[in-house]
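Colleague: This is the structure, below, for whatever I ask next.
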Amino acid sequence: MTPYLLYSDGKGNIFEDTSLYAVGRTGWDAVPIEADEWIELPDGGSLYELPGRRGVGIDVETGDMRLCEKGWAVAAFIPPAHTGFFLAAYETMPDAPTLPLFCYTATGWWNDKFFVPATRIEADIRQDCEGYDQKKVESGVSQLLKTYPHNRLVKHLGENCALTYQCPAARNYFLGRWECPVPSSPACNANCVGCISLQPDEEEIVSTQDRLQFKPTVEEIVEFTVPHLMEAPFPIISFGQGCEGEPLLMWETLVPAIKEIRKHTKRGSININTNGSDPKAVRKLCEAGLDSIRVSTNSARREIYMPYYRPNNYQFEDIMESLKVVTEFGGWTSINYFVFPGMTDSEAEYEALRKLIRETGLKMIQWRNFNIDPDWYLGKIGVVETGECFGVKQLQEMIREEFPDLQFGYFNPPMERIKGNYQSDFAHH
Ligand code: SF4
């Protein structure tokens with residue numbers, strides 16, 4: 001089974017080209033995709049037409065690779081809980097616009113269905129699209145805005161995150177379940193190329209969210225998080241969201257907030273999603289009662305990390321240290337690993353990843369699709385050659401074999417999974 005290439009007429013209409021088989025991209029190269037790497041495009045996935053780009057495919061007659069001249073290239077945005085194995089393969093025209101901050105996975109058409117080279121990496125259904133009833137979200141928002149009339153954070157989560165950005169985590173909070181987002185920082189000490197909350201004016205693309213404009217108080221944080229931890233199923237509260245800067249810059253507020261929360265309840269997990277820049281602040285949070293950390297990174301290699309994160313005042317080694325601190329306190333450690341076929345599965349990255357796992361005592365890899373224009377990303381970090389690659393599927397198999405206790409997923413686990421039998425205790429709650 002090899003799906004046919006898809007192309008668009010530039011007006012939002014997508015067609016299959018039965019003279020070309022679909023291929024994938026890894027680094028700067030177009031490559032064939034194995035039959036067992038394709039799955040049907042999962043619910044919640046969407047398709048993008050890529051202006052100024054011609055799709056690359058394999059001629060069904062000759063077997064040669066060539067461009068599809070019938071229209072623009074097409075890519076898939078695969079939904080959360082799935083990891084893509086290959087990017088969409090295309091040739092970029094000189095005047096093509098930079099693509100916005102989404103992931104561009106390869107896609108094709110077969111048997112009247114859309115297919116993508118990907119895998120479901122996470123059993124947890126917390127962000128499956130069929131689980132959201134928008135009417136219930138809206139009534140949850142209006143109810144909790146009445147319950148906390150003076151809480152700027154609940155107002156931000158309701159009006160901006162849940163109802164405007166359609167943030168899955170915020171909507172889960174207003175549905176009274178699972179992971180509740182707790183943004184806190186208007187500032188950041190990094191300058192990520194693909195920052196989703198702040199893009200420099202000179203850049204062609206815009207951030208997908210606006211950054212938080214205020215510093216919440218301890219009281220504002222504690223007021224709505226304690227009831228959530230006490231009442232929600234599989235409860236987690238998570239500092240560090242896409243609509244803010246770096247939460248570690250707010251440690252002087254988060255430490256007393258965690259202490260106050262734990263005075264009221266021992267239930268659930270208190271997690272921080274962070275760039276991991278300040279191990280000293282992480283230590284203070286652990287002393288206060290932090291249970292779990294997720295450090296975001298595009299690479300386990302300093303030379304790939306630094307040109308992407310462009311830190312103001314910290315080094316790659318600091319993020320490793322932050323993971324080690326949480327391990328020292330017996331907490332849960334994850335990396336939010338931005339998967340980029342051709343970079344993540346290169347030999348050099350594989351060796352660096354093994355070293356990171358061993359040295360930090362890492363407990364989980366969240367294999368996240370990198371939401372960024374591939375050409376723009378590789379250009380910005382100065383990568384012209386990506387070297388030998390294993391393929392993302394094979395890389396995952398090799399890591400799983402060498403580190404059998406290391407968990408794979410896409411979301412921060414609740415305490416029930418951290419303390420319980422990780423796999424069976426939770427699937428499909
Ligand atoms: S660490 Fe987060 S908030 Fe800071 S620049 Fe990077 S993506 Fe943006």
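The values are calculated or read from the model by the stated rules, or taken from the named source; none is laboratory data. All values reported here derive from a predicted model rather than from experimental measurement. As a convention, Cβ positions derive from the backbone with ideal geometry for all residues, glycine included, and neighbour counts pool all protein chains shown. Protein only, heavy atoms only, side chains kept; ligands, DNA and RNA dropped before computing areas. Shrake-Rupley method; radii C 1.70, N 1.55, O 1.52, S 1.80 Å.
Colleague: If you place +1 on the Cβ of every Lys and Arg, -1 on the Cβ of every Asp and Glu, and leave all else neutral, what size is the dipole of the stretch 177-428 about its Cα centre, to the nearest 20 Debye?
Modeller: 940
Colleague: Based on Cα coordinates alone, diagonalise the gyration tensor for the stretch 110-159, multiply each eigenvalue by 5, take square roots, and list the semi-axes in whole Å, largest first.
Modeller: 36, 13, 9
Colleague: Here's a follow-up. Over the chain, what number does the Rg to Rh ratio reach, with both radii from the alpha-carbon atoms and Rh per Kirkwood?
Modeller: Across the chain, the Cα-based Rg/Rh ratio is 0.97.
Colleague: Let me ask something additional. For the stretch 198-215, in order, what is each residue's ³J(HN,Hα) by Karplus, 6.51 cos²θ - 1.76 cosθ + 1.60 with θ = phi - 60°, in whole Hz (x at glycine and Pro)?
Modeller: 7, 10, x, 4, 6, 7, 6, 9, 10, 6, 7, 9, 8, 6, 3, 9, 9, 9
Colleague: Sticking with this one: Just to confirm the number: angle between the C-alpha axis of helix 392-402 and the first principal axis of the chain, 0 to 90 degrees, nearest 10?
Modeller: That works out to roughly 50 degrees.
Colleague: What ³J(HN,Hα) values, in whole Hz, does the Karplus curve 6.51 cos²θ - 1.76 cosθ + 1.60 give for the stretch 168-178 when θ = phi - 60°, with x put for Gly and Pro?
Modeller: Along the stretch 168-178, the couplings run x, 5, 5, 5, 5, 4, 6, 9, x, 9, 6 Hz.
Colleague: Quick check for me: using +1 on Lys/Arg Cβ and -1 on Asp/Glu Cβ, what's the dipole size of the chain about its Cα centre, in debye to the nearest 20?
Modeller: Roughly 1820 debye, rounded to the nearest 20.
Colleague: List the residues whose amide H sits under 5 Å from the amide H of Ile125, counting only those 5 or more places along or on another chain, with H placed 1.01 Å from N in the peptide plane.
Modeller: His428, His429
Colleague: Please list Thr107, Thr217 in order of solvent-accessible area, largest first, computed with a 1.4 Å probe with all protein chains present.
Modeller: Thr217, Thr107
Colleague: Rounded, prolate or oblate: which fits the stretch 177-428, taking a ≥ b ≥ c as square roots of the Cα gyration tensor eigenvalues, rounded meaning a/c under 1.5, else prolate when a/b beats b/c?
Modeller: It comes out oblate by the Cα gyration axes.
Colleague: Another one. Taking only the Cα atoms of the stretch 161-231, how large is their convex hull per residue, in Å³?
Modeller: Hull volume over Cα atoms, normalised by residue count, gives 110 Å³.
Colleague: If you bin every alpha carbon distance in the stretch 154-299 into 10 Å steps from zero, what whole percent lands in each bin?
Modeller: Pairs per bin, as whole percents: 12, 43, 36, 9, 1.
Colleague: Another one. Pop a pseudo-label 7 angstrom from the Cα along the beta-carbon direction at both Ser46 and Glu34 and give the gap in nm to one decimal.
Modeller: Result: 3.2 nm between the two label points.
Colleague: For the chain, what is the percent of antiparallel DSSP beta bridges, rounded to the nearest 5?
Modeller: 60
Colleague: Which value, in Å² rounded to 10, gives the accessible area of Arg152 with a 1.4 Å probe and all protein chains present?
Modeller: Taking all protein chains as shown, Arg152 has close to 90 Å².
Colleague: Near Asn313, within a Cβ-to-Cβ distance under 14 Å, what is the net charge of the other residues, with Lys and Arg +1 and Asp and Glu -1?
Modeller: -2
Colleague: Another question, if that's okay. Calculate one ³J(HN,Hα) per residue across the stretch 367-377 by plugging θ = phi - 60° into the Karplus curve 6.51 cos²θ - 1.76 cosθ + 1.60, and present them in order as whole Hz with x for glycine and proline.
Modeller: For the stretch 367-377, the Karplus-derived couplings read 7, 9, 6, 7, 8, 6, 5, x, 4, 4, 4 Hz, x marking Gly and Pro.
Colleague: Could you compute Rg(Cα) / (2.2 N^0.38 Å) for the stretch 356-399, with N its residue count?
Modeller: That ratio works out to 1.46.
Colleague: Under the Kirkwood approximation applied to all pairs of distinct alpha-carbon atoms, what is the hydrodynamic radius of the stretch 259-333 in Å?
Modeller: Evaluated over the stretch 259-333, this radius sits at 13.0 Å.
Colleague: Please say if the stretch 4-120 is rounded, prolate or oblate, where rounded means a/c under 1.5 for a ≥ b ≥ c the square roots of the C-alpha gyration tensor eigenvalues, and otherwise the choice is prolate for a/b larger than b/c and oblate otherwise?
Modeller: It comes out rounded by the Cα gyration axes.
Colleague: Using modelled backbone amide H atoms (1.01 Å from N, in-plane), which distant-in-sequence or interchain residues come within less than 5 Å of Phe114's amide H?
Modeller: Leu41
Colleague: Quote the accessible area belonging to Val255 in square angstrom, nearest 10, computed with a 1.4 Å probe and with ligands, DNA and RNA left uncounted.
Modeller: 20
Colleague: With all protein chains present and a 1.4 Å probe, how do Arg177, Arg267, Arg126 order by accessible area, largest first?
Modeller: Highest to lowest solvent-accessible surface, that is Arg267, Arg177, Arg126.
Colleague: Leaving ligands and nucleic acids out of the surface, order Glu244, Glu347 by accessible area at 1.4 Å, largest first.
Modeller: Ranking Glu244, Glu347 by accessible area, largest first, yields Glu347, Glu244.
Colleague: Pull up all non-local amide H partners of Thr217: gap of 5 or more, or a different chain, and H-to-H distance under 5 Å with H placed in the peptide plane.
Modeller: When sequence neighbours closer than 5 places are left aside, there are no close amide H contacts.
Colleague: Can you find, among Gly342, Cys389, Gly245, the residue sitting farthest towards the positive end of the charge dipole of the chain, where Lys and Arg contribute +1 and Asp and Glu -1 at Cβ?
Modeller: So the residue we want is Gly245.
Colleague: Turning to a different aspect of this structure: Along the charge dipole of the chain, Cβ charges K/R +1 and D/E -1, which of Ser277, Val226, Phe408 sits furthest on the positive end?
Modeller: Val226
Colleague: How would you classify the stretch 84-197 from its alpha-carbon gyration tensor, with a ≥ b ≥ c the square roots of the eigenvalues: rounded for a/c under 1.5, else prolate if a/b is greater than b/c, otherwise oblate?
Modeller: Note, shape of the stretch 84-197 comes out oblate.
Colleague: Can you tell me the dipole magnitude for the stretch 4-120 around its Cα centre, using point charges on the Cβ only (Lys, Arg +1; Asp, Glu -1), in Debye to the nearest 20?
Modeller: 340
Colleague: Plugging the Kirkwood radius over Cα pairs into Stokes-Einstein for the stretch 300-404, at a temperature of 37 °C and a viscosity of 0.692 mPa s, what D comes out in µm²/s?
Modeller: My calculation gives 224 µm²/s for D.
Colleague: Exceeding 20 Å between C-alpha atoms, which entries from my cross-link table qualify? They are Lys155/Lys284; Lys215/Lys259; Lys324/Lys355.
Modeller: Correct reply: Lys155/Lys284.
Colleague: Turning to a different aspect of this structure: Which value, in Å² and to the nearest 10, is the accessible area of Met230 when all protein chains are kept and the probe is 1.4 Å?
Modeller: Solvent-accessible area, nearest 10 Å²: 100 Å².
Colleague: Taking R0 as 41 Å, what's the FRET efficiency between Glu388 and Lys155 from their Cβ-Cβ distance, rounded to 0.05?
Modeller: 0.20
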